[in-house]
C-alpha cells in the first residue's frame, strides 16, 4: 500500500503513525500484529478500511 500511496517510505509512514521505522518493518514482514488503535491509524493514512489493509486467517487445527 505504501507504493500505491506515492512511494511512501517506511520512515515517512512511521513518522505519520508516530511509531518507529522498525515497527513498520515488523508489521510489513508479518512479525508484529499492531494494536487495534494502530491498525485504525494505518487504515486512515491510506484512506481505507482495516479490512483492506489487514487480513486474518484462523489457524487450522
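Every number here is computed from the coordinates shown, using simple stated rules; none is lab data. What you are looking at is a predicted structure, and each value in this text was computed from that prediction instead of being measured. Methodologically, a virtual Cβ is constructed for each residue, glycine included, from the backbone with ideal geometry; neighbour enumeration extends over all protein chains shown.
Return the tail of the calculated pair distribution for the chain, meaning the percent of Cα-Cα pairs more than 14 Å apart.
In whole percent, the long-distance tail amounts to 57.
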* To do: Give me the distance in nm between label points sitting 7 Å out from Cα along the Cα-to-Cβ direction at residue 52 and residue 9, one decimal.
  => 2.6
